[in-house]
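First up is the structure itself, then whatever we jot down about it.
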């Protein structure tokens, strides 16, 4: 598809011109990696998210030199290395299908399948979008691709590479939530980056995907329970795989906040004096965000609900491989009295409750009452305005800033799909002085108020 035949103009001030849309397929069968399945069933961890909106990550890269050609050097290198990476991630080149004779949907790859890759050019301000300051959330939408889907099938991933002439480029990846969790999608990106730097290599050991599904035990029959919940959505017996996308929310602003190592240590020491217990960076950071949110909302009655997930790979019995391909996260919901969060010891109290929930996960907790999760998620998917809990996306442990394709590490990484005032994103940082980046999306007035609370809280300690 030529640049003169099609262009794309989306909401916001960012315009994007499509240069090419193509399909990148894995190499011929003889050169594919051994033991990579062409068919993969979904587990109950996957089925929980069957029609939930996809996850969109966006990596910004600054060009080290203007002598590097985007069209003649970067794009061909990305295409060839993507094909080679798909040797090891073959299911990502296939489709999610729900065959008439199958009880559950499966991922199927057949020869001729491939990953949709869009090549584009943007006239947006590269340094503005890849910064930490205030940016219109809608400006990021044209930089991430839509995921090909229909009632009959859905693609696992779609990719868009966008040039900002003489400045840099971005790689946007949209992932089907029922096929990949954050750890798996990040491992794929880092494997692609590694092979792009050296096409003779294979993914390093801790990135090589593990496709063993039989180890996921399902004594409660959750796969069937979750499937039935989706069949009832717009049903009865609705086997649609069409994704349910949230309605666009106008006038939302995106901003990045930083937990420096110094501020995290200050929080830990303050909590230690109050609770006489050492807390992790994750606990003190999320407790701090809960308190800031409670103060921003200004409600004194009721409870603040905080939902987060923990990697289940090492927590399940029997344990699954640490490189397990697919969803394997255990959800946890913490309920904290708002009046207590607003008090002098609010951060310490939140730390105590979050720490207690994490310790319970280590003992096999978090798997109780999962029967209700399928109905809960399908209802929220049907109407995303029903989301009531403060939630997290991403993790500093993913190490997204290490994804170097050969022209330098990312300047900035954003989770574009995390576009709710009730959702924070967490990641590592390119800045060595920063322990954790926090992505926040809110209305402009709320963002200003949240920024004041976030910054003043450290001064009060």
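FYI, it's all coordinate maths here, none of it is from the lab. This structure is a prediction, so every number in the text was calculated from the model and none was measured. We place every Cβ from the backbone using ideal geometry, glycine too, and count neighbours over all the protein chains shown.
A few comments on the model shown:
- Taken along the Cα-to-beta-carbon direction at a fixed 7 Å, the label points for residue 265 and residue 249 span 3.6 nm.
- Working note: Debye formula, equal point scatterers on the alpha-carbon atoms of segment 66-199, no solvent; log10 I(q)/I(0) at q = 0.17 Å⁻¹ is -1.00.
- Note on residue 342 and residue 39: the extension gain reaches 103.9 nm, defined as 0.36 nm multiplied by sequence separation minus the Cα-Cα distance.
- In a fully extended conformation the segment linking residue 359 and residue 29 would gain 114.2 nm over its present Cα-Cα distance, using 0.36 nm per residue.
- Whole-Å semi-axes of segment 8-231's equivalent ellipsoid (Cα gyration tensor): 32, 21, 15
- Over segment 253-460, Cα pairs under 8 Å with separation of 6+ residues give a relative contact order of 27 percent.
- Only Cα sites of the chain enter the Debye sum here, all with the same form factor; the resulting log10 I(q)/I(0) across q = 0.06, 0.07, 0.09, 0.12 1/Å is -0.26, -0.36, -0.60, -1.11, listed in q order.
- Tail weight of P(r) past 14 Å, computed on alpha-carbon pairs of segment 244-303, percent: 69 percent
- Theoretical FRET efficiency, 1/(1+(r/R0)^6), r = Cβ-Cβ of residue 242 and residue 213, R0 35 Å, to 0.05: 0.90
- Residue-averaged [θ]222 nm for the chain, counting only DSSP H segments that reach four residues, each worth -39500 (n - 2.57): -8500 deg cm²/dmol
- FRET efficiency for residue 67 and residue 21, using Cβ-Cβ distance with R0 set to 35 Å, rounded to 0.05: 0.80
- Descending semi-axes in whole angstrom, ellipsoid equivalent of segment 253-460, from the Cα gyration tensor: 24, 23, 20
- Virtual spin-label span in nm between residue 319 and residue 132, 7 Å along Cα→Cβ: 3.6 nm
- Extension gain (nm, one decimal) between residue 335 and residue 99, 0.36 nm per residue minus Cα-Cα: 80.9 nm
- Relative contact order (%) - segment 8-231, alpha-carbon pairs under 8 angstrom, separation at least six: 30 percent
- At R0 = 30 Å, FRET efficiency that the Cβ-Cβ distance of residue 445 and residue 258 yields, to 0.05: 0.85
- Relative contact order computed over segment 241-330 (Cα-Cα under 8 Å; 6+ residues apart), in percent: 15 percent
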